[in-house]
Amino acid sequence: MKAVPIIAALVMALSGLTTTPAEAGSPALEVLSGRADQVSDGDALVRVRLSPRLKVLRNGEDVTSLFTADPGGRTATALVTGLRVGDNTLQARPGGVLRLRNFPVSGPIFSGPQQYPFVCKTERSGLGPPVADNQDGQGYRVNGGWSRDCFAERRTDRLYRSTDGSVKPMPAERPADMSTTTLLDGRTVDFVVNRERGVINRFLYSIAVVEGGYNQRAMYRFDGGVAIGRDQGTLGGSALDPYGLGQGYAILHSSGTRTSTHYNLIVGAETALMVKERFIELYGRPLYTVGVGGSGGAIQQYVYGQNEGDRIIDAAIPQYSYPDMVTQTIHVGDCELLERYMDANPRWANWDSRSALIGMNASDTVVNPYTRLPGSDECVNGWRGLTPLAMNPKWTDDNDPEWAKMDPPGVKDTVHWTHWEDLRNVYGVGPDGYARSPWDNVGVQYGLKALRDGVITPEEFLDVNEKAGSWKESADMVQEGCPFVPAACPAGWDPWSARNTTTGRRTGDRIAIRNVERSGLVFRGDIDIPIIDWRHYLDEQLDMHNAHQSFASRQRMLDHDGDATNQVIWFTDARPSGPRFDQTPEALKVIDDWMANIRSRPWRGVAGNKPPLAVDRCFTTDGAQIAAGRDVWNGILDSRPAGACTKAFPLYSTSRIVAGGPIEGGVFACRLQPVSRAVARGLYGSWRPDQAQRARLDAVFPTGVCAY
């Protein structure tokens with residue numbers, strides 16, 4: 001049915017040609033673009049149930065003429081504009097009242113006070129200089145004043161994908177190097193892209209669709225990386241994802257949902273909701289939105305799926321995933337403590353042996369990027385540099401020249417450059433003015449599993465726990481040395497950040513731990529959308545995206561409600577020389593089938609609608625299937641014999657798992673038990689500490705050891 005103006009529909013109703021009645025019990029008014037209490041930018045896509053003599057009022061003003069009847073004649077839809085900041089009412093007569101709360105496009109909605117200073121990137125990104133929003137001499141310098149919120153007007157443009165793979169502005173005439181694409185429905189069209197860019201929640205955003213080829217499905221592209229915020233960021237290449245666009249997906253993207261911009265996933269979720277709202281206002285509700293992205297982009301899918309249900313994404317393809325970011329800091333914080341200890345001890349000169357303490361993979365043959373000699377491990381190759389980035393308030397790798405345009409001069413030096421500070425709205429601020437830190441290693445017995453397995457001796461176990469140490473408080477940290485501060489090289493060589501370590505153990509701030517555990521930033525497994533967790537197997541390359549993390553997420557889902565059937569895990573081999581095959585297109589096809597089943601049989605739920613290929617699977621380097629089915633990963637989270645995929649892809653762990661913690665991780669501060677009780681319970685295997693050894697254990701662990 002062709003859409004007709006609502007006035008015409010009402011005329012038909014009054015003349016006896018009534019429209020089809022809406023379903024009984026459906027709301028008279030409904031916001032389609034988001035939650036009614038979280039509207040932004042002064043507008044909302046609204047649907048009203050049609051009835052004779054209908055009138056719609058916005059804050060008392062008649063806006064009935066904005067509405068257009070939908071196909072089927074039951075409802076009408078309009079983009080209702082002119083909403084004031086704060087509370088608004090929409091009234092349908094007859095029908096009822098809908099209360100809307102509108103927020104500025106600059107935010108925030110629920111994330112709390114925004115970061116300042118904050119570096120603008122609109123000009124670098126082709127949107128022109130940001131709007132001057134204040135005259136107080138603080139912010140990003142622009143003509144006419146300063147900008148604190150980095151706003152720039154929206155821009156739309158037409159692009160095309162060239163036959164050489166590049167993206168170019170679309171000229172007035174069809175260019176000779178125009179490529180074509182075959183859509184999901186089989187049609188072939190010119191690869192012309194309509195794109196809108198602008199600023200939402202202070203971050204850049206992009207919404208892109210192939211002209212004449214939108215398949216009614218949306219893909220939100222989340223990006224990874226690690227950053228501490230204070231920056232608007234830039235759009236990534238995934239904003240114009242050629243595969244997704246070429247299939248007809250609308251591509252949603254924001255610099256605020258790239259963890260290379262910041263790692264505050266409360267702000268990230270808020271930004272994603274606002275971008276999704278804008279997309280729906282432009283194109284209406286899609287059939288579904290699937291999330292795609294790796295590393296930090298995968299974390300966002302797990303965390304947003306848990307906290308926001310299907311408001312941002314209806315399905316997820318997390319790649320190279322972790323359950324979340326905040327609980328990775330727990331064991332990553334151990335890395336340099338243990339590396340420093342091992343580097344100073346000839347016992348650990350054989351790199352292969354280091355897994356006994358760090359849990360992660362280690363190799364005598366992989367080249368160390370710091371020594372440029374064979375011999376390294378995942379702590380060095382994957383994580384080195386992230387300890388000062390996350391923990392040291394005096395060090396940052398943000399050397400962007402845009403800081404020179406920030407006023408007052410020297411404002412960059414006032415920032416506490418830590419992950420804790422990036423999330424100060426979550427962790428809280430201590431009496432010393434620094435963000436509270438949850439990092440804790442009280443009671444952690446490094447190398448416990450290696451001791452029990454006979455890999456290290458009791459003396460080696462005691463020695464590492466006596467000497468590992470911990471991290472200074474934020475206020476006591478000093479500037480890093482070489483290689484993190486090039487001017488300190490070569491004399492100040494300190495890749496372990498040893499200058500910021502201390503003896504003994506550190507007690508994590510209990511307020512910080514409580515706050516982060518309640519914030520939603522910890523993935524607890526409460527997620528009920530289709531998930532295909534896919535990764536290349538990179539453990540032998542000592543890549544930071546270690547493969548056991550997929551199963552950490554699964555175990556958290558099992559811990560939550562005993563059910564992880566909405567998640568399937570796929571591995572594709574990358575041995576011997578790196579990734580060669582991308583399983584993402586196949587994952588998208590399986591998700592599309594899965595979502596179609598859910599639409600047609602919603603009563604079966606997510607797990608009851610899985611298509612045949614939505615099962616655990618593993619693949620060769622060339623993408624050929626090795627095995628599939630319910631038992632292929634046996635032996636990882638259970639005691640059954642190893643499945644076919646388990647045998648093909650050895651898993652490693654972390655320092656906290658070696659210390660007796662669970663595979664799912666996530667324990668900021670363990671429950672403690674006296675050393676005497678640990679000995680009586682046989683925690684140390686066949687080792688029975690003598691009196692002198694007991695005294696050493698008591699000295700290291702005066703308040704007890706972890707009882708995971």
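The values are calculated or read from the model by the stated rules, or taken from the named source; none is laboratory data. Here the structure is a predicted model, which is why all the values come from computation and not from measurement. Note that each Cβ is placed from the backbone with ideal geometry, even for glycine, and that neighbours are counted across all protein chains shown. Just so you know, the surface numbers come from the protein's heavy atoms only, side chains and all, with ligands and any DNA or RNA stripped out. Shrake-Rupley method; radii C 1.70, N 1.55, O 1.52, S 1.80 Å.
Below, the figures for the structure above:
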quantity: Nearest 10 degrees, 0 to 90: helix 584-600 Cα axis against the chain principal axis; calculated: 50
quantity: Spherically averaged projected area of region 272-360 from its Cα convex hull (nm²); calculated: 7.3
quantity: Protection proxy ranking, peptides 127-133, 182-188, 216-222, average beta carbon neighbours within 10 Å, highest first; calculated: 216-222, 127-133, 182-188
quantity: Region 492-611: Cα Rg divided by the 2.2 N^0.38 Å rule of thumb; calculated: 1.47
quantity: Cα-based Rg of region 554-647 normalised by 2.2 N^0.38 Å, two decimals; calculated: 1.18
quantity: For region 488-541, fraction of C-alpha pairs farther apart than 16 Å, in %; calculated: 74
quantity: Average projection area in nm² (convex hull over Cα atoms of region 143-188, one quarter of hull surface); calculated: 6.4
quantity: Protection-proxy order for peptides 361-369, 576-584, each taking the mean of Cβ atoms within 10 Å per residue, highest first; calculated: 361-369, 576-584
quantity: For region 631-708, diffusion coefficient by Stokes-Einstein and Kirkwood Rh (Cα), 25 °C, 0.890 mPa s, µm²/s; calculated: 165
quantity: Equivalent ellipsoid, region 404-489 (semi-axes from 5 times Cα gyration tensor eigenvalues, Å); calculated: 37, 18, 10
quantity: DSSP bridge pairs, region 271-385: antiparallel proportion in percent, nearest 5; calculated: 40
quantity: Between 0 and 90°, nearest 10: helix 691-700 axis offset from the chain longest Cα axis; calculated: 40
quantity: Spatial separation of Cα centroids for region 48-124 and region 380-436, in angstrom; calculated: 38
quantity: Computed Rg/Rh of region 508-579, alpha carbon atoms with Kirkwood Rh; calculated: 1.09
quantity: Proximal lysines relative to Lys449, as straight alpha-carbon distance under 23 Å, when same-chain residues fewer than 8 apart are discounted; calculated: Lys467, Lys647
quantity: Whole-percent pair-distance distribution, where bins are 10 Å wide, for the alpha carbons of region 352-418; calculated: 19, 32, 23, 17, 9, 0
quantity: Over the chain, relative contact order from alpha-carbon pairs under 8 Å, at least 6 apart, %; calculated: 10
quantity: Segments 694-700, 298-304, 596-602, 512-518 sorted - mean Cβ within 10 Å per residue, highest first; calculated: 298-304, 512-518, 694-700, 596-602
quantity: Inverse mean reciprocal Cα-Cα distance (Kirkwood Rh) of region 626-676, Å; calculated: 13.1
quantity: Kirkwood estimate for region 552-708, i.e. one over the average of 1/r between Cα atoms, Å; calculated: 19.2
quantity: P(r) of region 42-91 over all Cα-Cα pairs, binned every 10 Å from zero, in whole percent; calculated: 25, 57, 16, 1
quantity: Residues with amide H under 5 Å from that of Val119, placed H, sequence gap 5 or more; calculated: Asp231, Gln232
quantity: For the chain, calculated [θ]222 nm from helices alone, where every DSSP H run of n ≥ 4 adds -39500 (n - 2.57); calculated: -6500 deg cm²/dmol
quantity: Approximate spin-label separation Arg101-Arg677, in nm, with each point projected 7 Å along Cα-to-Cβ; calculated: 4.4
quantity: Acute angle (nearest 10 degrees) that the helix 328-343 long axis makes with the longest principal axis of the chain, alpha-carbon atoms; calculated: 30
quantity: DSSP bridge orientation in the chain - percent antiparallel, rounded to nearest 5; calculated: 70
quantity: Coordinate range along principal axes, alpha carbons of region 121-209, Å, largest first; calculated: 56, 25, 19
quantity: For q = 0.18, 0.27 Å⁻¹, Debye-computed log10 I/I(0) when each Cα of region 170-234 counts as one equal scatterer; calculated: -0.86, -1.25
quantity: Bins of 10 Å from zero: percent of alpha-carbon pairs in region 205-310; calculated: 16, 52, 28, 4
quantity: Scattering curve values for region 242-299, log₁₀ I(q)/I(0), Debye with Cα scatterers, q = 0.13, 0.28 Å⁻¹; calculated: -0.36, -1.27
quantity: Cα-based Rg and Dmax for region 321-360, where Dmax is the largest Cα-Cα distance (Å); calculated: 12.0, 36
quantity: Whole-angstrom gap from region 506-528 to region 182-242, using each part's C-alpha centre; calculated: 32
quantity: Kirkwood estimate for region 232-389, i.e. one over the average of 1/r between Cα atoms, Å; calculated: 18.0
quantity: Directionally averaged projected area (convex hull, Cα atoms, region 392-447), nm²; calculated: 6.0
quantity: Accessible-area composition of the chain, carbon plus sulfur, in percent [1.4 Å probe]; calculated: 52
quantity: Kirkwood-Stokes translational diffusion coefficient of the chain, alpha-carbon pairs, 4 °C, 1.567 mPa s, µm²/s; calculated: 47
quantity: For region 94-146, diffusion coefficient by Stokes-Einstein and Kirkwood Rh (Cα), 25 °C, 0.890 mPa s, µm²/s; calculated: 175
quantity: Largest-first ellipsoid semi-axes for region 384-540, taking √(5λ) over the Cα gyration tensor eigenvalues, angstrom; calculated: 30, 25, 19
quantity: Cα extents of region 301-423 along the three principal axes, largest first (Å); calculated: 49, 45, 21
quantity: Amide proton proximity set for Trp439, modelled H, under 5 Å, gap of 5+; calculated: Asp509
quantity: Equivalent ellipsoid semi-axes - Cα gyration tensor, region 143-262, angstrom; calculated: 29, 17, 12
